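> Below is one structure. I have some questions about it.
Derivation of every value follows stated rules applied to the coordinates shown; laboratory data play no part. Computed from a predicted structure; not experimentally measured. Reconstructed Cβ throughout: ideal geometry from the backbone, glycine too, with neighbour counts over all protein chains shown.
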Amino acid sequence: MRITIFFAAIASLLAPIATAGADPAPSERVRRLLAEMTLEEKIGQLDMPSHGGHYDPARVAAGRTGGVLNFGSPQEIAAIRALNAQSRLKIPLIFGLDVIHGYRTLFPMPLAEAASFDPAVAEQSTHWAAVESRAAGLNLTFSPVADLARDPRWGRIVEGGGEDPMLAGLFAAARVRGFHSGGIGATLKHFAGYGAVEGGRDYAPADISEGTLRDRYLPPYRMAVEAGVDVVMTSYISLNGTPTTASRRLMSDILRGEWGFPGYVVSDMNAIPEIALLGVADGNGEAAKLALEAGVDQDMDGEVYIAELAGLVRDGTLPEAALDRAVARVLATKERLGLFDEKPFDPAAASAVLGRADIRAASRALAAETFVLLQNKDDVLPIRPETRSIAVVGALAASQADTLGNNAARAVPAETVTVLDGLRARAPAGTRIDFVEGCDTACTSDSNFQAAAAKAAEADLIVAVLGEPQDHSGEGASRASLELPGRQTDLLRRLAATGRPVVVVLLAGRPLALSEAVDPAAAILLVWYPGSEGGHAVAETLFGDRDPAGRLPVTFPRHVGQVPITYDALPTARPGKVEDRYTSRYLDVALGPLFPFGHGLGYTRFTQSDARIAARKLGPDDRLTVAVTVANAGTRPGREVVQLYVRDVVASRARPVRELKAFGKLLLEPGEAREVVLSVPVRSLGFHRDDGSYVVEPGRFDVYLGSSAAAPLIGSVVVSPGYEAPPAGLSAERFEAGHMTVIGKSP
Ligand code: BGC
């Protein structure tokens, strides 16, 4: 108790200092430029107009633009660079684009990559995305999305890393590293809480308690900041009543003050004038002042800084120092990105890089890492060698745009390998592949079902490519239903009625409620939107050249009415019981999710045995260490993802029923067994109090180990004494991920 009071007192002393002192001292170049710039030139640095929006070439030539977005072709970018060369100070421009999962060669969507449970997958894909982007003349992507999303109705869940803070954070950080190694800057977005929009409706407000904000929503952003992200973008929403784009607390106190973020903050597109629409500013002038003073340095296509800031400075409403601070941040970020020292850009060189064979090969290999085998009755997969004919059903099987997914940057749909293409290329000679659509991609009519079923009945195996067309997810694509779209479930039933086994290849950008699909489908392979080479990766997986080794980074509900449903819920005093009405459940839906977080099958079977907790009494500087023997009990090689979850059993506030604290993937040959050790810092087991302080309270922690969030309890440890973090932002300790080491052959 004494300790608590002591730290709280220090926290209140340090808070103002931390807030004020975050900006690094400007370099000599930045100081010189600031001294030389006119007011208009300074304001220009704070403006980032969009192609098709407020972009004005005359302003670029006059040195009154800081950066531009949505220009994609190397030629356009070269032309804008030439215009900028006419400006007085020739300050290099930011060239930004939403490179979310590739530029010309598309990789799986970020949610899919999280399913690999291997951040290196995202680091590699973003590396290649950056190599192409840089060749095209870009120097900044608006990625990663670190918005924790726990409501699958929200279409943008596809852009992030799933429902778990640690997993999402590891992937956000990996993306930053990948973009950097490929040669472009990264933008963390959408700070903060965008994933918590009410009802999963895009742009709706979010209301998040302080503890939940710090324990769940802020960690992925924080992990991206620690990975060195260059720019941070605000969101469109209000969080706890304050538009994030006007939130001094988020942009200045937390981001810069607590976390020491050295870069600049850009608004989301048009989000500054939207502060007025959220009812928190009386017009654009006040919105501009609120945003700038909150710490939003650059206006993305809102045309508000350009229109309002000069007047606000001249009439004394806004101190010029506030403007200078923002300009210094933009310039310093450009300097850190190396833009002042860039070699001349050659647009002609881009064609040798875009879509290069090695980049497409990487896309093919990485796509296969993200597939999740949700069910596989009677081992219907991999496709048996004696299969002589396959009926491929569903318009999605041949849709190039839907194979790519949304946010397709500058991909060329015609260069995309669909599932049908992939199957045709991979099927052994003599295996017939017949294709029949059954219905359009959204499956609006059943008029062709009869014909499709008749065709399918002639085949040994039916591969039904179902799920969401790409425009069902992404920005502005919230859904109130999580069912397969249109009449797809009916189509699936018709196919199953033929008596032929039906393998569902599922395209999706969110968890779907598949309760009606699990019976008629023999197998379900979730392939998300697999990207430019997706069809090859899918076919190779179906035929067993590659093993599906993805695991769900999000809970799959039985029914949309269960949402929000996440594995790390807080406990209820009355956990759901089928036979007891007065427990936490629904009258009309079975208990629990359809497929839990972390679930995913392979083509072999694994056992985990002899789990041992190394030490049962742990101090705050120790690590919780667990060893287990993992064996491949099947006949094919395969990869298992070992997952360790922990529950803080008694604390001063209710703690989640379990939280993922460490995981690792290992390849095992048939019959092979290995000992693995998972280790978690005790300091990561704590939580935040409402005052922002972080604590690991002493007491018992239960440990679960297995292959999904349904892993069994293997024992408990006692932590004593506890741990209390010093104030002012050392809570990164909570997010130090545990890790797994493969020790060697099991004794
Ligand atoms: C989205 C951002 C995106 C921006 C620029 C906005 O509508 O919310 O995520 O970066 O547009 O394309």
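> Give me the one-decimal nm value for the distance between modelled label points at PHE340 and ASP446, 7 Å along each residue's Cα-to-Cβ direction.
Those two pseudo-labels are separated by 6.8 nm.
> Given a Förster distance of 60 Å, report the FRET efficiency between ALA497 and GLU40 from their Cβ-Cβ distance, rounded to the nearest 0.05.
Details: r = 71 Å, r/R0 = 1.18.
Calculated value: 0.25.
> Where both residues lie in the chain, what percent of DSSP beta bridges are antiparallel, nearest 5?
Numbers: 56 of 97 bridges.
Given both bridge residues lie in the chain, the antiparallel proportion sits at roughly 60 percent.
> Sorted by packing (mean other beta-carbon atoms within 10 Å per residue), highest first, where do 158-168, 602-612 land?
158-168, 602-612
> Then there is this: Pairs of Cα atoms under 8 Å, at least six residues apart: use those to get the relative contact order of the chain, whole percent.
On the way: 1911 pairs, mean separation 98.6, N = 747.
Across the chain, relative contact order equals 13 percent.
> Semi-axes, largest first, in whole Å: what does sqrt of 5 times each Cα gyration tensor eigenvalue give for the stretch 116-229?
On the way: eigenvalues 127, 39, 29 Å².
Computed over the stretch 116-229, the values are 25, 14, 12 Å.
> Within 10 Å, count the other beta carbons around each residue, average over each peptide in 28-35, 692-699, 248-255, and list them highest first.
Working: 28-35: 14.1, 692-699: 20.1, 248-255: 22.0.
So the peptides 28-35, 692-699, 248-255, ranked by packing, come out 248-255, 692-699, 28-35.
> Here's something else I'd like to know. Suppose each label sits 7 Å from its Cα in the direction of the beta carbon; what would the ARG314-GLU669 distance come out to in nanometres?
Calculated label separation equals 7.8 nm.
> Compute the normalised compactness of the stretch 615-689: alpha-carbon radius of gyration over 2.2 N^0.38 Å, N being the residue count.
Values: Rg = 15.6 Å, N = 75, 2.2 N^0.38 = 11.3 Å.
Expressed relative to 2.2 N^0.38 Å, the Cα Rg reads 1.38.
> Net charge near THR126, counting Lys/Arg +1 and Asp/Glu -1 over other residues with Cβ under 15 Å of its Cβ?
Taking every Cβ under 15 Å from that of THR126, the sum is -3.
> I would also like to ask the following. Using a Debye calculation, one point per C-alpha and no hydration shell, please list log10 I(q)/I(0) for the stretch 202-306 at q = 0.18 Å⁻¹ in order.
Cα-only, vacuum Debye calculation for the stretch 202-306: -0.83.
> In whole Hz, with x marking every Gly and Pro, tabulate ³J(HN,Hα) for the stretch 357-366 from phi via Karplus 6.51 cos²θ - 1.76 cosθ + 1.60, θ = phi - 60°.
4, 5, 6, 5, 5, 5, 4, 4, 5, 6
> On to the next question. Would you calculate a helix-derived [θ] at 222 nm for the chain, using -39,500 (n - 2.57) for each DSSP H run of n ≥ 4 and dividing by the full residue count, to the nearest 500? Could you put the intermediate results ahead of the total?
Working: 19 runs with 199 residues, N = 747.
That calculation yields -8000 deg cm²/dmol at 222 nm.
> Among the listed pairs LYS90/LYS334; LYS377/LYS455; LYS42/LYS189; LYS42/LYS90, which are separated by more than 19 Å between their Cα atoms? Spell out each step's value before the answer.
Details: LYS90/LYS334 13 Å; LYS377/LYS455 23 Å; LYS42/LYS189 25 Å; LYS42/LYS90 13 Å.
Those over the limit are LYS377/LYS455; LYS42/LYS189.
> Taking N as the number of residues in the stretch 371-562, what value does Rg over Cα atoms divided by 2.2 N^0.38 Å take? Write out the running numbers ahead of the final one.
Values: Rg = 15.3 Å, N = 192, 2.2 N^0.38 = 16.2 Å.
That works out to 0.94 for the stretch 371-562.
> Extension gain ASP207-LEU591, at 0.36 nm per residue separation less the Cα-Cα distance, in nm?
Details: separation 384, 0.36 × 384 = 138.24 nm, distance 2.70 nm.
That pair, ASP207 and LEU591, stretches by 135.5 nm at full extension.
> Kindly rank 200-210, 180-190, 636-646 from highest to lowest mean number of other beta carbons found within 10 Å of each residue. Write down the numbers at each step before the final one.
Working: 200-210: 16.3, 180-190: 24.4, 636-646: 22.4.
Output ranking for 200-210, 180-190, 636-646: 180-190, 636-646, 200-210.
> Non-local amide H neighbours of HIS599 (under 5 Å, H modeled in plane, Pro and chain starts lacking H): which ones?
It is LEU552, ALA709, by chain and number.
> Quick one, can you get me the convex hull of the C-alpha atoms of the chain expressed as volume per residue in Å³? Please report the intermediate quantities before stating the final value.
Details: hull volume 121.8 nm³, N = 747.
Output value, Cα hull per residue: 163 Å³.
> Determine the sum of side-chain charges near LEU290: Lys and Arg each +1, Asp and Glu each -1, restricted to other residues whose C-beta is under 14 angstrom from that of LEU290. Mind dumping the intermediate values first?
Values: positive: ARG248, ARG249, LYS289; negative: GLU274, ASP282, GLU286, GLU293, ASP297, ASP299, GLU308.
After counting each charged neighbour, the total is -4.
> What is the local net charge at SER445, summed over the other residues whose Cβ is closer than 14 Å to its Cβ (Lys, Arg +1; Asp, Glu -1)? All intermediate terms of the calculation are to be shown ahead of the outcome.
On the way: positive: ARG487, ARG494; negative: GLU437, ASP440, ASP446, ASP490.
Taking every other residue near SER445 into account, the sum is -2.
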